[in-house]
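The values are calculated or read from the model by the stated rules, or taken from the named source; none is laboratory data. Everything quoted here is computed from the prediction, not taken from an experiment. Neighbour counts run over all protein chains shown; Cβ positions are idealised from the backbone, glycine included. Note: areas computed on protein heavy atoms with side chains; ligands, DNA, RNA excluded. Shrake-Rupley method; radii C 1.70, N 1.55, O 1.52, S 1.80 Å.
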Amino acid sequence: MPERSDSDSRKLLRRLRDVLGAQAKGQERLDQITHLIADSMRTEVCSIYLFRDAETLELCATEGLKAESVHQTRMKLGEGLVGRVARTNTPVNTADAPAEKGFRYMPETGEEIYSSFLGVPIQRVGEKLGVLVVQSRTARQFSDDEIYALEVVAMVLAEMTELGAFTGDEDGMRALHRQPVMFRGATGQEGAAEGHVWLHEPRVVVTNPVADDPVAEIDRLRDAVGQLRISVDDLLSAESLDKEQRQVLEAYRMFANSRGWLRRMEADIQNGLSAEAAVEKEQSAARARLEQVPDAYLRERLNDLDDLSNRLLRILTGQGADTGAEMPENPVLVARNIGPGELLEYGRKLRGVVLEEGSVGSHAAIVARALTIPLVIHARRITAEALNGDHILVDGDQGIAHLRPEEAVARAFRDKIAMQAEAQVRYASLRDLPATTACGTTIALHMNAGLMADLPSLEGSGADGVGLFRTELQFLVRNKMPRRAELAGLYARVMDAAKGKRVAFRTLDIGSDKVLPYMKPNDEPNPAMGWRAIRVGLDKPGVLRMQIQALLRAANGRPLTLMFPFVTELAEFQQARAHVLREVHRERSLGHVVPATLEIGAMLETPSLAFAPRTFFELTDFVSIGGNDLKQFFFAADRENERVRRRYDMLNLSFLGFIEQIVGRCAETGTPLSFCGEDAGRPVEALALAALGLRSLSMRPASIGPVKSLLRRVNLAEARAVISAARARGDMSARPALMDWLATQPA
Ligand code: PEP
Ligand code: MG
């Protein structure tokens, strides 16, 4: 068998390019290509299998196998040797295919006479497109050079597939980026939206996978890598980098200077690929490795390489993030991940957001929630599949996105949106009515906020005030520490917008998942139980004091309410309160007006505070239960961990019993009590809290209508009796009993 040379490879790629350039139907092109490859590789068989749907491969063209098996022979991902190549994204090379584990005999193809088999994946940046196979009668292993050459060809086929070279006629093959795809992720923010894809970072399109002049291409590549190195060095010299950003950039620099990476790309070019296609080939290979790597650290590094390749592609193609494309109507942002600041910049323009990564507690999720934009997270691979302008449905309730949906799906979805809109109209009619139960008890319904963008909801939702203003959001969306005057201006605008309604400002709650970009992150084994919230405020009081001053100035003589997050014991509350009183004293001595009234409260987010001495309940002006944290510590179930966060029901009778104890302790001292975790916004949970004695709940603005609507229908004493009966029976959760009882209540 004569050795293949670089020039064989280049010749083949050139011929492939000519096929692509000529007017022809997709099938004709495929037929020509299999012929060319078999000829060039000197094998009797060359076949191209492409994905018909996400799970099924179909033989789409062959030189050497029986013609009647084309478009008939199919296999599932993982089935047979071809399926194995596709599943693992790695080549299979064997001298004796029938003896190979997993071999599946397909009689219609007549392949039994071919002993040696080499299959390589056709993939583009991790997107599985198909499998390219060569087979021959002689039992022999293919050489590394041959494998490599076939991979280069597969790369060109991937680009051609992406460009739609093989679709658009009657052959019924999977047209890329045209078929409906459903992404099953997780809920980041509830709600439903219909719109069109707007890619945060549009994919780079490579239109020239093959190049004639390797010397010129290598020059282009080296030039681009040079620019890339400079840009990474520039980024590294920025002052405001934190440790993690610096680590990532150091890794970028390491890759950008990696000889191996450059050498591989140059070899690809020698074999006939263009500089862009060479970058993509190595990027695809890295992605394929990424899928096999269990080690989180290594995966991160490979992710870095992926990002770096994208940068390099943008330099080579001149396609920046700003492609000049116009944002479609009803844009739905699709991205791998997005920072809170960037999301805020898009603001309410967006109808929905779908992310490949993200987490419920991520800053982006917090912003999406504040903007009430439906958000789906963990929609794996959507950025590879979606194109700008694609029709998309975002189902934030189910954590699902339907890309290019069938009309029937879209119709059903629109019905759902219409029903929600109808319900909203119904809730709007309740807006000015109090949340007074059938038994005559009025529950104050407040809203949670954290951004200026939230404040219009105060009027629209009919909230009685802001029960929780998460001040850290203002810190999180900036890239440097805000100044006192800036914060004072902002808090004053919040109070102005509240028009005299009470706003409970919670002092900075950072640490745990909320890490400020400009503060040195601490490597903590368990940040949720680490140095966070008031613990940081007390140990490093500079920021806390600055924030208190800003609040006092913002109030400018108006009443002021503030509360401390994550108070765990009496002493912490005493110290934090002393800071406030000291600042009030200081303001007064400076001749500034001080608030007309001042309420200083504590959030009860750790079980220990429920057992604090009576003095605590006497000292604090109010207690606000931070149910999100309280629940995570009560059940020892991380609120950020998808595996466990829904495992325990808030209506679990042990938890309700604990809430009752807190209600009792506050009642002893006449301390006002409210509840401001997410559960307050769920109607049945809100009902249970009211039944146990809570008279003030704070929730997302969109939840006020549904909660009020339910509360106005029910008798709290009856609800409490239902809970007590469930407990007496030994039920684990009050939910089934409450649901049964609710079903009997008048609508
Ligand atoms: C809570 O823990 O319930 C709470 C309201 O605070 P956050 O969600 O901001 O931690
Ligand atoms: Mg909390």
Check your understanding: Taking the Cα atoms of the chain alone, what are Rg (to one decimal) and Dmax (as a whole number) in Å?
Key -> 31.1, 98
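Counting alpha carbon pairs within less than 8 Å and at least 6 residues apart, what relative contact order, in whole percent, applies to segment 571-668? Before the final figure, lay out the partial values.
Numbers: 67 pairs, mean separation 21.0, N = 98.
Reported relative contact order: 21 percent.
If you wrap a convex hull around the alpha carbons of segment 6-172, what volume per residue comes out, as a whole number of Å³?
On the way: hull volume 16.5 nm³, N = 167.
Convex hull volume per residue, Cα atoms: 99 Å³.
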Revision key, fill the gap. Computed over the chain: longest principal axis from alpha-carbon atoms vs helix 243-256 long axis, angle to nearest 10 degrees, is 10
Study note, to complete from the structure: Amide H contacts under 5 Å for ASN652, restricted to residues at least 5 apart in sequence or on another chain and with H modeled in the peptide plane, are ALA734
Review point. Which value in nm describes the separation of the simple spin-label points at GLN574 and ASP212, placed 7 Å from the Cα toward the beta carbon?
Key: 8.6
**Study point:** Nonlocal amide H pairs with VAL210, under 5 Å, H built at 1.01 Å
**Key:** SER274
Review point. Under the Karplus relation 6.51 cos²θ - 1.76 cosθ + 1.60, θ = phi - 60°, what is the ordered set of whole-Hz ³J(HN,Hα) values for segment 415-425, x standing for Gly and Pro?
Key: 4, 5, 4, 5, 5, 5, 5, 4, 4, 4, 4
Study note, to complete from the structure: In the structure shown, of LYS540/LYS631; LYS480/LYS708; LYS349/LYS501; LYS281/LYS480; LYS540/LYS708, the pairs separated by more than 31 angstrom at the C-alpha atoms are LYS480/LYS708; LYS281/LYS480; LYS540/LYS708
**Study point:** segment 6-172: relative contact order as a whole-number percent, Cα under 8 Å and 6+ apart
**Key:** 22
Exercise for review: Go ahead and run the numbers for FRET between GLU486 and ILE113, Cβ-Cβ distance against an R0 of 56 Å, rounding to 0.05.
Suggested key: 0.10
**Study point:** Hydrodynamic radius by Kirkwood, which averages 1/r over all alpha carbon pairs of segment 479-621, in angstrom
**Key:** 15.9
Check your understanding: On a 0 to 90 degree scale, rounded to 10, what angle separates helix 570-589 from the longest Cα axis of the chain?
Key -> 70
Practice item. Pop a pseudo-label 7 angstrom from the Cα along the beta-carbon direction at both ARG729 and MET327 and give the gap in nm to one decimal. Key: 5.2
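Give me the percent of DSSP beta bridges within the chain that run antiparallel, rounded to the nearest 5. Intermediate values should be presented prior to the final figure.
Working: 48 of 85 bridges.
In the chain, approximately 55 percent of DSSP beta bridges are antiparallel ones.
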Point to revise | Of ALA99, VAL152, VAL204, farthest towards positive along the dipole that unit charges on Lys, Arg, Asp, Glu beta carbons give segment 90-212 | key: ALA99
Review point. Around VAL466, which amide H atoms from residues at least 5 apart in sequence, or from another chain, sit under 5 Å from its own amide H, with H modelled in the peptide plane?
Key: MET447, ARG502, VAL503, ALA504
**Study point:** Label-point gap, in nm, between ALA637 and ASP539 - each point 7 angstrom along Cα→Cβ
**Key:** 3.0
Exercise for review: Quote to one decimal, in nm, the extra length available between ASP39 and LEU235 on full extension: 0.36 nm per residue of separation minus the C-alpha distance between them.
Suggested key: 65.7 nm
Review point. If the cut-off is a Cα-Cα distance under 17 Å, which aspartates and glutamates reach LYS76, setting aside same-chain residues fewer than 8 apart in sequence?
Key: ASP53, GLU55, GLU58, GLU108, GLU127
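Stretch ALA428-ALA267 to full length: gain in nm at 0.36 nm per residue minus the Cα-Cα span?
Values: separation 161, 0.36 × 161 = 57.96 nm, distance 6.55 nm.
Result: 51.4 nm gained on full extension.
Report in % the part of the accessible area of the chain that belongs to carbon and sulfur, leaving out ligands and nucleic acids; probe 1.4 Å. Walk me through the numbers on the way to the answer.
Working: 15900 of 31370 Å².
On the chain, the fraction of accessible area on carbon and sulfur atoms equals 51 percent.
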Review point. Which Cα, out of LEU473, ALA488, GLY352, lies furthest along the positive dipole direction of the chain (beta carbon charges, K/R +1, D/E -1)?
Key: ALA488
Study note, to complete from the structure: Given unit charges at Cβ for Lys, Arg (+) and Asp, Glu (-), the dipole magnitude of the chain about its Cα centre in debye, nearest 20, is 2860
**Study point:** Mean separation of Cα contacts under 8 Å, 6 or more apart, over the residue count of the chain: relative contact order %
**Key:** 10
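So if I place +1 on the C-beta of Lys and Arg and -1 on the C-beta of Asp and Glu, and nothing else carries charge, what would the dipole magnitude of segment 641-697 be about its Cα centre? I want it in debye, nearest 20. Don't skip to the end; give the middle numbers.
Numbers: 7 positive and 7 negative charges, 31 e Å.
Computed about the Cα centre, the dipole is about 140 debye.
How much length is gained if the chain between GLN319 and ARG222 is pulled fully straight, taking 0.36 nm per residue apart and subtracting their Cα-Cα distance, in nm to one decimal?
On the way: separation 97, 0.36 × 97 = 34.92 nm, distance 1.80 nm.
Taking 0.36 nm per residue and subtracting the Cα distance, the gain is 33.1 nm.
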Exercise for review: Please turn the phi angles of segment 61-69 into ³J(HN,Hα) values with the Karplus equation 6.51 cos²θ - 1.76 cosθ + 1.60 (θ = phi - 60°), one per residue in order, whole Hz, x for glycine and proline.
Suggested key: 6, 8, 10, x, 7, 5, 4, 6, 7
Study note, to complete from the structure: Computed ³J(HN,Hα) along segment 365-371: with the Karplus parameters 6.51/-1.76/1.60, θ = phi - 60°, integer Hz and x for glycine or proline, the list is 5, 4, 5, 4, 5, 4, 8
